[in-house]
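In what follows, a single structure is set out as structure tokens and then discussed.
The values are calculated or read from the model by the stated rules, or taken from the named source; none is laboratory data. Computed from a predicted structure; not experimentally measured. Here the Cβ positions follow ideal geometry from the backbone for every residue, glycine too, while neighbour counts run over all protein chains shown. When the accessible area is computed, the model is the full protein with side chains, heavy atoms only, and any ligands, DNA or RNA have been set aside. Shrake-Rupley method; radii C 1.70, N 1.55, O 1.52, S 1.80 Å.
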Amino acid sequence: MPNIVLVGAQWGDEGKGKIIDVLAEESDVVVRFQGGNNAGHTVKVGDDKYVLHLIPSGILHPGKHCVIGNGVVIDPVALVSELDELKQKGVDPDGRFHISDRAHVVFPYHGLLDLTRESNLHKGKKLGTTKRGIGPSYSDKAARVGLRMGDLIDPQFDELLMPRITEANKVLQAMGADPVDAGQLLAAYRTAAQELAPFVSDTISFLGEACRTKKSILFEGAQGTMLDIDFGTYPYVTSSNGTAGGACTGSGVPPHRIDQVLGVIKAYTTRVGEGPFPTELTDEVGQTLAKVGNEFGATTGRPRRCGWFDAVVARYAAMVNGIDFWAMTKLDVMDSLQTIKICVAYECDGKRYNTVPANIRVYERCRPVYEEMPGWQCPTTAVTTLKDLPPKARAYVDRLCEITGVKLGILSVGPKRSSTMRVAV
Ligand code: IMP
């Protein structure tokens, strides 16, 4: 298989976990390159359900190597419990799970800063973060005061951390929050460090060697293009680059080693947390999508906001990521709808927008311009080839590909591995 970067083309939760799981079978190495345990990938294997937050879902395939790259931020305590859960279910990570010594560490004070900042923001200005400390951890990285996984397992860890705790506590107290208990923190992190030490290594060299020996690498993006810190709906974004370029900076694999970019996209749109969402539906159709699609966040359990497919977002994602193919998911969730709308452009103050405006105040006021198609109103979950799709469902999928200018690579019509049609990837 070629080296594929898989990215979310909307606001996250596009069903990336399942597609990665399907492709991992044919890859040698699966790499996570950004984000932290704000992500949640749900994978169904037979009757078993796995929710992974930090570990690449490739771990579910025996023998595959899985890497947490340098671009990821890691809560070591959360990672240990994720590993333990996998081990209890019979998954063996030994010798094939690799954590970058350059990946930054998330500390409890990051979580508290995240929480306090959010609660101090006025209603309407809140970001709706997962409160996992992701933003504050990346802030420390950019401010060059963060600690990395290599530091966590270093004998001098306590000395490195103490000044960080002292400073964070001053900030927390100034914000009206309680300080963290240094003793408790150190004890918990020392224990986690012991558990994780065997997996921490120079993943840059490991991946360099994988490239040299022509191993196939699958890059697993978390979140989505519209949550990317540069290209998303800033400030209603996460703090990393979940777009294709992030795969290189977050792993150490050079751009010319990327062969293909696969964009995962739902047949409709969802968003968790705050921020503009032009095609959001607050009516019965929105409720149907939420209910049938089981649209609840895998990490926080929050209900996802649902809306029509937004081709402006999809075209923009295709451009920013250089998407070669769509992996379209959850078409079956729309089976019962009588009429379906597709957003083809926005309008704001009498001006038409064919792409995503940078100014968030403009974006918040953008209204969707829709075209309509008839629904197919019959089940699609058992369909296994494109030609067996109901003609109206096929017409909908074809139209989405046409107006976004991207070919269909994979079509998913249900949560199981078996409900996945491989068209071109
Ligand atoms: P943070 O990443 O926790 O800082 O949250 C920033 C924004 O990104 C919030 O709107 C979150 O709901 C959203 N977000 C973060 N991770 C995910 C994800 O994996 N799926 C969907 N939304 C996410």
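Below is a table of values for the structure above.
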| item | result |
| --- | --- |
| Checking Ala318 against (1) surrounded by fewer than 23 Cβ atoms within 10 Å (Cβ to Cβ); (2) in contact (Cβ under 8 Å) with a residue 40 or more places away in the chain; (3) out of contact with any strand residue (DSSP E or B) (no Cβ under 7 Å at 6 or more places or on another chain), the condition it does not meet | (3) |
| Condition check for Pro368: at pLDDT 95 or above and in contact with a Ser or Thr (Cβ under 7 Å, 6 or more places away or on another chain) | yes |
| Qualifying residues in segment 38-60 (those that are in contact with a Leu (Cβ under 9 Å, 6 or more places away or on another chain) and open to solvent by less than 10 Å² (accessible area, probe 1.4 Å)) - the one nearest to the ligand (Cβ to nearest atom) | Ala39 |
| Neighbours by Cβ (under 9 Å, 6+ apart or cross-chain): first from segment 291-303, in contact (Cβ under 8 Å) with a residue 60 or more places away in the chain and within 7 Å of the ligand (Cβ to nearest atom); second in a loop (DSSP other than H, G, I, E, B) and open to solvent by 50 Å² or more (accessible area, probe 1.4 Å) | Thr299/Arg132 |
| Filter result (open to solvent by less than 10 Å² (accessible area, probe 1.4 Å), of a type in the set (A, V, I, L, M) and more than 9 Å from the ligand (Cβ to nearest atom)) within segment 208-244 | Ala210, Ile217, Leu218, Met226 |
| Count of segment 113-157 residues which are in a helix (DSSP H, G or I) and open to solvent by less than 50 Å² (accessible area, probe 1.4 Å) | 15 |
| Some residue of segment 20-37 being charged (D, E, K, R), away from the ligand (no atom under 14 Å from the Cβ) and surrounded by 24 or more Cβ atoms within 10 Å (Cβ to Cβ) | yes |
| Hits in segment 23-44 (condition: out of contact with any helix residue (DSSP H, G or I) (no Cβ under 6 Å at 6 or more places or on another chain) and assigned to a strand (DSSP E or B)) | Val31, Arg32, Gly35, Lys44 |
